[in-house]
Amino acid sequence: MNEIDPERYKQWQKIIESKIDERIVTIDKQIMDKQQYQAEEQTVKEREQKEEEKIKALTDLKKLYAVLAADKSASTYVIHCKVHLAKQVRDEINNNGTYKKVEDSTIKEVQDRHAEWMIKENLAEPQDEEDSNEIRIPEYRKLFSKLPRLGVSIKVHKQNKPRFMARCHQTTLTQLGQWLTRTLKAMSIESEEVWKDMFMTAGVITTGSWVINGSPQVRERMDKMDNNPRFSNANTSRHQQTYDFSTMYTTLKLESPSGDGSKDSRGMKEMMKKYAALVFDWAKQNHGTRGKDKVLLVSKNGAGKWINADGKYGDTKTKKVITPARFQKWINYLLDNLYIQVGDELLRQVVGIPMGVSCAPYLANLMLFMYELEFFDAFISKHDPIRNKPARQLLWKLSCCTRYIDDLWNPLVTKAKFQSITRRIYPTWLQLGEPESEGKIVNYLDMSIWQQDGTWQSKLYDKRVELQAKGLKLNKFPHPETKITTRCKYGVISSQLHRFKTVCTQTSQFLDAATTLYTEYIDKGYDQRLVDKRVYKFLTRERDTLTIKPTAIKYRYQKQQRRARK
């Protein structure tokens, strides 16, 4: 039409067509992107709507019910009627004499008194003005202002009984409890030596006092019994029993009601005073320059160091100098100020110690330790075991007992004899009663213990298995998509395998427990490749003590799966 050369026109046409094609592709992509964006936006809206519905549903649920943690299973929760819980709380604070309502002080007055004392003792310092409104966890030396509140967990393994405790995290006396924990931890090392030395004078070598921290020390006692041929026959295990001080924390007396000196009349303050005198006297005779008074230098990491009392070392931010007088002052102040806030009410615990105080396990443990130490000291003085063989044999049998706070295991002494002994050890308000279990096999801590062919054996025992058998669903491990680190999630495998290795005396029992762990991780949705890596690494590292192949657990799991499919 415009007399353009046909060849040039064709070139122009191709360029235009290619540009149109490019434009069509661009438009198509834009349409697809827009549709995808709209779909994603709709998905986000739907997800947000579902989250809002969840939050609303949880909010409505919590208006009617309390969501409580299950005891012995921290990741399992119990839905509890709020009205019934309120009645249980009211019964707990009104009907058992543990708490006393405070009429002469307000919550604010108690908070102020605690703050003044904590600053004076160099255990805390005031919050900086510029940091007062900052949302963060204060440093360990900063002053906390809230009082403990009453918390509760449900003992699902004991007919759903509530366990009440004071929630003492970041409260007015938190730092005092922490420094007492470090102090008592350092002092307990010395009191263990006192116990060993006392038994040595009677001709009995012992691995330590009845106080233990876990199942490895139970295994030490089992090895000790295996190494003594007098107790290597198959009949000794029929005597073993386990006991439980069911209400120990709430029955410990704090004050000494009378001064007659009997075990029934002595409270925790007096027993801790005697304990401090015992430990500091031992340190005086066995550390540094002998015969010189010592003080204990306690570090933030819990380590303790005994130094001469005439030194010039003072408190720092990370270290405290502990004297017997200061130790007693701290103990007395803590026990005199066990305040708990319940709603708007202010209560003070006058019997027992709150389970939530960080040093409570040490205080309970060492108070019972003092009763036990006094009994054996009197027993050795009276019966002279060096010359009296039956007394020495009984003492040896009793030295194999262990106590994990309020759980006690007696492997060798007959039930009647042991109960007679414990009635003389402990005060009447703190008696053991009947055994929780007895016979050739007993469950203690996380172990089932028995004797086979003259050798003490143990395997894994988990209370939660019984609960699962009854139909209760328990969450043992975090979900794979939870926001904790991968190393933390998979690191549980290594720690559990180490626990199984400690508890199980036979390889087959270790494999059973380890395969169950492996199966639970895979069923929960964890990456099998990473699980295999953790298991392989552990078994390779422990191949000297565990005579199994690094792939044994994986192959055992695969074999179980093949059987299940058939």
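The values are calculated or read from the model by the stated rules, or taken from the named source; none is laboratory data. Since this is a predicted model, take the numbers as computed values, not measurements. Counting neighbours? That spans all protein chains shown, and the Cβs are built from the backbone with ideal geometry, glycine included. For accessibility, only protein heavy atoms count, side chains too; no ligands or nucleic acids. Shrake-Rupley method; radii C 1.70, N 1.55, O 1.52, S 1.80 Å.
Quick notes on this one:
- On full extension, the segment bounded by H287 and A115 gains 58.3 nm, given 0.36 nm per residue less the C-alpha separation.
- Heavy-atom accessible area per residue - the range 1-93, 1.4 Å, Å²: 88
- Solution diffusion estimate, µm²/s, Stokes-Einstein, the range 353-393, Kirkwood Rh from C-alpha pairs, 4 °C, viscosity 1.567 mPa s: 107
- Rolling a 1.4 Å probe over the heavy atoms of the protein chains gives the range 482-538 an accessible area of 51 Å² per residue.
- Computed label-point distance, nm, for sites Q328 and S262 using a 7 Å Cα→Cβ extension: 2.5
- Convex hull of alpha carbon positions in the range 414-457: directionally averaged projected area 4.0 nm².
- A simple spin-label model places pseudo-atoms 7 Å from Cα toward Cβ; at R163 and Q561 they are separated by 3.7 nm.
- Among the listed pairs K56/K87; K87/K158; K224/K440; K185/K292; K34/K54, a Cα-Cα separation exceeding 21 Å is found for K56/K87; K185/K292; K34/K54.
- Of the cross-linked pairs K501/K524; K146/K300; K300/K554, those separated by over 32 Å at the C-alpha level are K300/K554.
- For the chain, the longest principal axis of the C-alpha atoms and the axis of helix 389-398 are separated by about 20°.
- Rolling a 1.4 Å probe across the protein heavy atoms gives the range 170-318 an accessible surface of 45 Å² per residue.
- Length-normalised contact order of the chain in % [C-alpha pairs under 8 Å, at least 6 apart]: 16
- Simple label model, 7 Å out from Cα along Cβ direction - A277 to I15, nm: 10.9
- Per residue, the Cα convex hull of the range 1-107 amounts to 235 Å³.
- Highest-first packing order for the peptide set 8-19, 148-159, 509-520 is 509-520, 148-159, 8-19, based on the mean count of other beta carbon atoms within 10 Å.
- Taking every DSSP helix (H) stretch of at least 4 residues in the chain, weighting each as -39,500 (n - 2.57) and dividing the sum by the residue count yields a mean residue ellipticity at 222 nm of -16500 deg cm²/dmol.
- Pairwise centroid distance, computed over Cα atoms, of the range 521-540 with the range 394-437, Å: 42
- For the chain, the longest principal axis of the alpha carbon atoms and the long axis of helix 215-226 meet at an angle near 50°.
- Extent along the principal axes, Cα only, for the range 156-201: 47, 33, 9 Å, with the longest axis given first.
- Placing R0 at 22 angstrom, the Cβ-Cβ distance between D60 and K483 gives a FRET efficiency of 0.30 after rounding to 0.05.
- Along its three principal directions, the equivalent ellipsoid of the range 409-482 from the Cα gyration tensor extends over semi-axes of 33, 19, 11 Å, largest first.
- Solution diffusion estimate, µm²/s, Stokes-Einstein, the range 371-505, Kirkwood Rh from C-alpha pairs, 4 °C, viscosity 1.567 mPa s: 70
- Hits among lysines - C-alpha to C-alpha of K29 under 18 Å, sequence gap 8 or more where chains match: K19
- Share of carbon and sulfur in the accessible heavy-atom surface of the range 304-453 [1.4 Å probe, %]: 50
- Bridges between two residues of the chain, per DSSP, are antiparallel at a rate of about 90%.
- Counted over the range 450-533 with a bin width of 5 Å, the fraction of Cα pairs per bin, in whole percents, is 3, 12, 20, 22, 19, 13, 6, 3, 1, 0.
- Principal axis extents of the C-alpha atoms in the chain (largest first, rounded to whole Å): 134, 65, 55.
- Per-pair calculated FRET efficiency, R0 = 45 Å: N443 and H383 via Cβ, rounded to 0.05: 0.85
- Ordered from highest to lowest accessible area with the whole protein assembly present and a 1.4 Å probe, R424, R543 read as R543, R424.
- Note, ³J(HN,Hα) from phi for the range 339-355, Karplus 6.51, -1.76, 1.60, rounded to Hz, x at Gly and Pro: 7, 9, 9, 10, x, 9, 8, 10, 10, 10, 7, 10, 10, x, 10, x, 5
- The count of lysine pairs in the range 303-404 with alpha-carbon distances below 16 Å, taking only pairs 8 or more places apart or on different chains, stands at 5.
- Folded to 0 to 90 degrees: helix 360-383 orientation relative to the chain principal axis, Cα: 30
- Note on the range 426-566: the alpha carbon radius of gyration divided by the globular reference 2.2 N^0.38 Å gives 1.24.
- Stretching the chain fully between R529 and S299 yields a gain of 78.6 nm (0.36 nm per residue, less the alpha carbon separation).
- Segment N95-E255, length gained on full extension (0.36 nm per residue, minus Cα span): 55.6 nm
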